[in-house]
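I have a structure I would like to understand better, so I am pasting it below and will then ask my questions one at a time.
The values are calculated or read from the model by the stated rules, or taken from the named source; none is laboratory data. Because the structure is predicted, anything quoted here is derived from the model rather than measured. In this analysis, Cβ positions are derived from the backbone assuming ideal geometry, glycine residues included, and neighbour counts consider all displayed protein chains. The accessibility values were calculated without ligands, DNA or RNA, using every heavy atom of the protein model including side chains. Shrake-Rupley method; radii C 1.70, N 1.55, O 1.52, S 1.80 Å.
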Amino acid sequence: MFVNEVNDVKIYNLSAGKSVPDWLTDRRKRSQLMKKVDSRRQIELIQDFDMPGVCTSIRMSPDQQYILATGTYKPRVKCFEVSNLSIKFERCFDAEVTTFEVISDDYSKMVFLQCDRYVEIHAAHGRHYRLRIPRFGRDMKYHKPSCDMFIVGVGRDIFRLNLERGQFLQPLETDGSCLNACEVNPEHHLLVAGTKEGTVEAWDPRTKQRCSTLDVAMKLPGVKEFPSVTALKFRNGLHMGVGTASGHVLIYDIRAKQPLLVKNHLNRLPIKRLAFNPAQNAVYSLDEATLKLWDEQTGKQIAYVESTSSFNDFCTIPDTGMFFVAQEDVKMMTYYVPAMGPAPRWCSFLDNLTEEIESEVVENVYDDYQFVTAKELAELGMEHLVGSNLLKGYMHGYFMDARLYNKAKAVVEPFAFDRFRKDKVRQEIESERKSRLQIESKLPKVNKELALKIMDEQANPSNSAKQRNVPSLLEDSRFKAMFENADFEVNKSAEEYRLLAPVLNRLDKSKAKELKKRVEVAHVAELHADEAQQREESDNDEDLFGFEKSDGETKDDSGDEASSDDDDRREYVKEMKQAYKQVKRQREEEEELEEDEPQRDEISDIAKRPLTNGHSQQPTTNGNRFTLTPLDQHQGSSLLQQRIKKASLQDRVKVMSQLEGQVTNVGRSLGNRQMTFEVNKQKKSQFHAKKREAEMKKHREERRSIVRPIKSLRLKKVNFK
């Protein structure tokens, strides 16, 4: 159970709790729930109160003994009996259900409107009859006195299906192009329908005539388009609530055309459903993101419920504070608000429990499982487990047992815990230790440069008073660890930082340039003021020269500013290219080193192998040169041949491919022979490529200096006669 408090109103989420992975079997799930203390304290008000995928709509039977909900996949309806707090039956459909109505006191008579233009009529035993309507339906309501089912949807007609006679009657033709919602007043049985054009039409089912038309869209303030009517609900015989696609709710007295109250959800999302609580004078309004509870008279918000996934529908239990929410998730949410009324009779124990419940934070992670990415899995050396039962693929990584993860972590990093413990002890000692010399230092230990930048920006006199009053990041407790923990220190040698360095440098240059411009403007203003004062003292009105620039000078200044902006842009592009080239070059060097390591190891292993006569001889490396220094001058020519003969064929081919054609005579004083080889075969090609690039760059610069600019060319007027 999760408790949320909004405006001193407590909202109890009876469906909240730590979730169990879906891939576990039912037996494992039960054992997991029995092991955890938090799970044992969790309240499961109604057993198996969920859907396989998504719940689309939910209703309460008129006798308040059954909860009916529809969802997918497969399309189905579930009926829960509140006296047993468990499911009573479940039925599947051929298509998804758009909406449904319970036309009896219990579940024995129900009508389902499906998305494939079919209407299914169900009895207590199951499906009774199935028929098709002329157009796609969006909403329907049952008129008890005449046994007519009114169905609205795509098109202007309100279809009338008489359930007593079992036939369609003459439809009612409206002025709207499309109908989204309809409602029947429970007292005087007036039928209202909401149109796409933002109007509400009222019809009398007795005379089959239109009574009036209410224009809702014209009464909305600050709305540029005409929002359609998406939800309708009667509070009693006179008051009605209207929800629009723009996120507004209007309360009307049906005797007047002006709304009593206009409530804005501020989400710009269509209102999906409305409900009234007459005992508390409260209105429930639902959109995709939130369910809001607000006062009917003033419009003041009482409480709200935010969605973790999109809301689809909700239903309230009359004269109680409990309501159910259908959402785009497996769970159907159950909420209880004591301020809106008592708990229902079938779960009256909630009133006693809510007095003892305290607020707690619910974790949405699996405690017994650890999520690891593919890179972390490679670091642990457990890539061979991919595809086995020990790893469960999820998003961009895998779930694995936390105990297995801890064991692998201990093997890979055996001293990680010791380091962590020493760091903790050191931090505790440093926090408790007091320096004998109390020096007030404003700069933190970590990220000093960032702190200096923040302090300079805060102390900048050019900032407005509003910006100076904003609290600094150094004083904000949320960013405290960034200036104390060494793990958050900015790493300037990182690849991401080097790619961003030109952008940061340009920002710093633009700030410095702006500051310089402001200083120059202030200086010019001071000079102008001094000159004006001198002219006033000398009373010489003839010499009024130099205060305003001529048109030519203004054009020159604008041209200079444009040219300086172009130069800055070129410098910025140049810096960005250099940064990318450096990062690319470093990557290539690292890849080359990784490729050459096994080859160097193989050559060194072959050269270090002992000879048959007990002597050993090692080659010396100097840069890219590989030189043999034999112990005996006369045996130098045959030592390499003896090693090659003793080596395997694979090693012999690799060594000869490295040393082929590189043997030269050097004389007897320093040895008999000397061999050289190239570590990287691509160096020549890279050298030629760089040389070619430098030549092309020089050629482009020469061409740029020779070609005349286009600005120097002027078009002459030619008169054609």
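Got a number for residues in the stretch 390-425 being modelled with pLDDT of 85 or more and at positive phi?
Summing the residues that are modelled with pLDDT of 85 or more and at positive phi in the stretch 390-425 gives 0.
Then there is this: Within the stretch 260-271, track down each residue that is in a loop (DSSP other than H, G, I, E, B) and open to solvent by 30 Å² or more (accessible area, probe 1.4 Å).
Hits for the stretch 260-271 are Leu260, Leu266, Asn267, Arg268, Leu269, Pro270.
Which residues, counting only those in the stretch 475-502, are open to solvent by 90 Å² or more (accessible area, probe 1.4 Å) and in contact (Cβ under 8 Å) with a residue 12 or more places away in the chain?
Glu484, Phe488, Glu489
Inspect the stretch 277-291 for any residue being modelled with pLDDT under 90, in the same structural domain as Val184 (by the TED database), open to solvent by less than 20 Å² (accessible area, probe 1.4 Å) and assigned to a loop (DSSP other than H, G, I, E, B) and give the result as yes or no.
No, there is no match, as no residue in the stretch 277-291 is modelled with pLDDT under 90, in the same structural domain as Val184 (by the TED database), open to solvent by less than 20 Å² (accessible area, probe 1.4 Å) and assigned to a loop (DSSP other than H, G, I, E, B).
Can you tell me which residues in the stretch 165-198 are part of a strand (DSSP E or B) and free of Cβ contacts under 8 Å to residues at least 24 places away in the same chain?
Gln167, Phe168, Leu169, Pro171, Glu173, listed by residue number.
Let me ask another. Which condition number does Phe226 fail, the rest of (1) over 16 Å from Met340 (Cα atoms); (2) in contact with a Gly (Cβ under 7 Å, 6 or more places away or on another chain); (3) part of a strand (DSSP E or B) being met?
(3)
Give all pairs with beta carbons closer than 8 Å in which a residue from the stretch 125-142 that is under 19 Å from Glu164 (Cα atoms) meets a residue that is among the acidic types (Asp, Glu) and modelled with pLDDT of 90 or more; count only pairs at least 6 apart in sequence or on separate chains.
Arg127/Glu120; Tyr129/Glu120; Arg130/Glu120; Met140/Glu101; Lys141/Glu101; Lys141/Glu183; Tyr142/Glu101; Tyr142/Asp148
I would also like to ask the following. If we scan the stretch 327-338, do we find a residue that is in the same structural domain as Leu45 (by the TED database), under 18 Å from Leu14 (Cα atoms) and in a helix (DSSP H, G or I)?
yes
Among the listed residues Arg127, Arg132, Arg138, identify the single one that is modelled with pLDDT of 90 or more, surrounded by fewer than 18 Cβ atoms within 10 Å (Cβ to Cβ) and more than 18 Å from Val77 (Cβ to Cβ).
On inspection, the qualifying residue turns out to be Arg132.
Taking the stretch 370-410 as the search range and keeping residues that are acidic (Asp, Glu) and open to solvent by less than 90 Å² (accessible area, probe 1.4 Å), which one is nearest to Phe420 (Cα to Cα)?
Glu376
For Phe349, only one of the following conditions fails: (1) open to solvent by less than 20 Å² (accessible area, probe 1.4 Å); (2) at pLDDT below 85; (3) among the aromatic types (Phe, Trp, Tyr). What is its number?
(1)
Has the stretch 101-109 got at least one residue that is assigned by the TED database to the domain that holds Pro205, closer than 26 Å to Val229 by Cα and open to solvent by less than 30 Å² (accessible area, probe 1.4 Å)?
yes
Just for the stretch 147-164: of the residues that are more than 17 Å from Ile103 (Cα to Cα) and part of a loop (DSSP other than H, G, I, E, B), which one is least open to solvent (accessible area, probe 1.4 Å)?
Only one residue tops the list, namely Gly155.
In the stretch 193-223, which residue that is under 19 Å from Asp139 (Cα atoms) and in contact with a Gly (Cβ under 8 Å, 6 or more places away or on another chain) is most open to solvent (accessible area, probe 1.4 Å)?
Lys196
For Leu474, only one of the following conditions fails: (1) modelled with pLDDT of 70 or more; (2) closer than 30 Å to Lys574 by Cβ; (3) assigned to a loop (DSSP other than H, G, I, E, B). What is its number?
All conditions pass for Leu474, except number (2).
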